[in-house]
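Read the structure below first, then the notes.
The values are calculated or read from the model by the stated rules, or taken from the named source; none is laboratory data. The structure presented is a predicted model; accordingly, all values stated were derived computationally and were not measured. Note that each Cβ is placed from the backbone with ideal geometry, even for glycine, and that neighbours are counted across all protein chains shown.
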């Protein structure tokens, strides 16, 4: 019995909460790009990217959704699609460049709706095998863009099949080409959403689910990691601590994932899309209800405890000590680091900080720290009066390699003279490990507080890890 008409769409929308502000540009070119009918967005006009991997849509009706922009650059309402707004070919080129880079790295792009009516009669077919992207001038203070992944189900006798279709919707769109920081933000947003299209494209035909179905912080953290690694620029960074929910698949944890990108940036060695796709395919081999335990076990199958610990350590070190990361575009990745100045209020509020480990002058202090799997913690080591040198080490590290699970730094700028004041708001000094000890000479004066050493610890294993930390002052 042919039940091809039994088609049930299942929409999952994922958003990129990027602040998108488009600057004033130049007047539009006049290159026709005319569609014969409205598409599923309600748009009349389209422009194909040079490689035809993306089709950019816009509307010319004089409504709020028409592209915004002053002067000649706002001519997106001539009613015949004869005038292509300047922003349209620019966006199409960005999409081409990002899609090409992602495909080379092993990331797929969500299937288009081409031929969907043969699979699902009554569904919308926008007429090409390209990814459809709709530029909408409607203002939206919450979302910059969203990637809609629609799953169409079909039952033929006792055999159920499905197909996914991805479309991108971009809000706050201008008819003018963005410039400077606005252009960078736009590229970040497109690169982020195109990873969501990969999540839509990775499917398990036996389970009839797509990768985008598995929720949790990684749903947003990984697209951010890939977008940053590809185009660079500014992005916020969260802190790794004892309450970190890194491998949760709870839908309520999705929003917290945006700032967890440094872990995945380090672990997946972006832009290694093939590693991510392999992990995603592993996770969706079980029903969505069992995806949580499967994600945890899959991560430990694909990566060693050492790799996971080093990725956690890279995250917590960058968030505490600052610096920059590299991107494929050559634009460095930057962020605002925490102002860990050691004041009492912040010490209490910082969830990663367990407290102080204060050695006496000429003596040693010890403390056992137990970390849950996939979490981070920190200790603050203050300089005692009269001490010129402080060293910190630990026992209990897997394989005895302390550098895999511990890092240390000073609360002064790199290269600071020891006569300078204590405390810094920018990047801090990272200490090398020498003979399984982090050793530092007194780095600053005590005009604004005593010198402090930050000790960071991580556990990338699947079981709790106890480190016996010791600090010696001399």
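Give the residue that is surrounded by the fewest Cβ atoms within 10 Å (Cβ to Cβ), with candidates limited to residues of the range 148-169 that are in contact (Cβ under 8 Å) with a residue 40 or more places away in the chain and out of contact with any strand residue (DSSP E or B) (no Cβ under 6 Å at 6 or more places or on another chain).
157
For (1) in contact (Cβ under 8 Å) with a residue 24 or more places away in the chain; (2) out of contact with any helix residue (DSSP H, G or I) (no Cβ under 6 Å at 6 or more places or on another chain); (3) under 26 Å from residue 307 (Cβ atoms), each residue gets a yes or a no:
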| site | (1), (2), (3) |
| --- | --- |
| 358 | yes, yes, no |
| 365 | yes, yes, no |
| 373 | yes, yes, yes |
| 405 | yes, no, yes |
Among the residues of the range 45-84, count how many are under 33 Å from the mean Cα position of the chain (by Cα), surrounded by 15 or more Cβ atoms within 10 Å (Cβ to Cβ) and at pLDDT 75 or above. 16
Selection status of residue 40, at pLDDT below 80, surrounded by 13 or more Cβ atoms within 10 Å (Cβ to Cβ) and either in contact with a helix residue (DSSP H, G or I) (Cβ under 8 Å, 6 or more places away or on another chain) or assigned by TED's automatic domain parsing to the domain that holds residue 179 (or both): yes
Within the range 210-228, does at least one residue satisfy the condition of being touching a strand residue (DSSP E or B) at 6+ places or on another chain (Cβ under 9 Å), at pLDDT 90 or above, part of a strand (DSSP E or B) and buried (at least 19 other Cβ atoms within 10 Å of the Cβ)? yes
Of the residues that sit in the range 279-299 and are farther than 19 Å from residue 460 by Cβ and surrounded by 15 or more Cβ atoms within 10 Å (Cβ to Cβ), which one is farthest from the chain's Cα centre (by Cα)? 286
Is one or more of the residues making up the range 4-16 within 30 Å of residue 217 (Cβ to Cβ), part of a loop (DSSP other than H, G, I, E, B) and at pLDDT below 70? yes
Return the pair list, or none, for Cβ contacts closer than 8 Å from residues in the range 54-72 that are assigned by TED's automatic domain parsing to the domain that holds residue 139 and farther than 16 Å from residue 172 by Cβ to residues that are surrounded by 13 or more Cβ atoms within 10 Å (Cβ to Cβ) and modelled with pLDDT under 70, at least 6 apart or on different chains. 60/76; 60/77; 61/77; 62/77; 71/27; 72/27; 72/28
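When you look at residue 378, is it part of a strand (DSSP E or B) and modelled with pLDDT under 95, yes or no? Before the answer, list the steps.
On the way: part of a strand (DSSP E or B): yes; modelled with pLDDT under 95: yes.
Yes.
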Run down 326, 317 and say which single residue is within 19 Å of the chain's Cα centre (by Cα), surrounded by fewer than 17 Cβ atoms within 10 Å (Cβ to Cβ) and at pLDDT 90 or above. 326
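For the range 179-200, name all the residues that are part of a loop (DSSP other than H, G, I, E, B) and surrounded by 23 or more Cβ atoms within 10 Å (Cβ to Cβ).
none
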Qualifying position, being buried (at least 17 other Cβ atoms within 10 Å of the Cβ), modelled with pLDDT of 90 or more and not assigned by TED's automatic domain parsing to the domain that holds residue 428, among 357, 308: 308
With the requirement that a residue be out of contact with any strand residue (DSSP E or B) (no Cβ under 8 Å at 6 or more places or on another chain), within 21 Å of residue 375 (Cβ to Cβ) and surrounded by 15 or more Cβ atoms within 10 Å (Cβ to Cβ), what does the range 423-474 give you? 460, 461
Number of the condition not met by residue 276 [criteria: (1) at pLDDT below 95; (2) farther than 29 Å from residue 432 by Cβ; (3) under 14 Å from the mean Cα position of the chain (by Cα)]: (1)
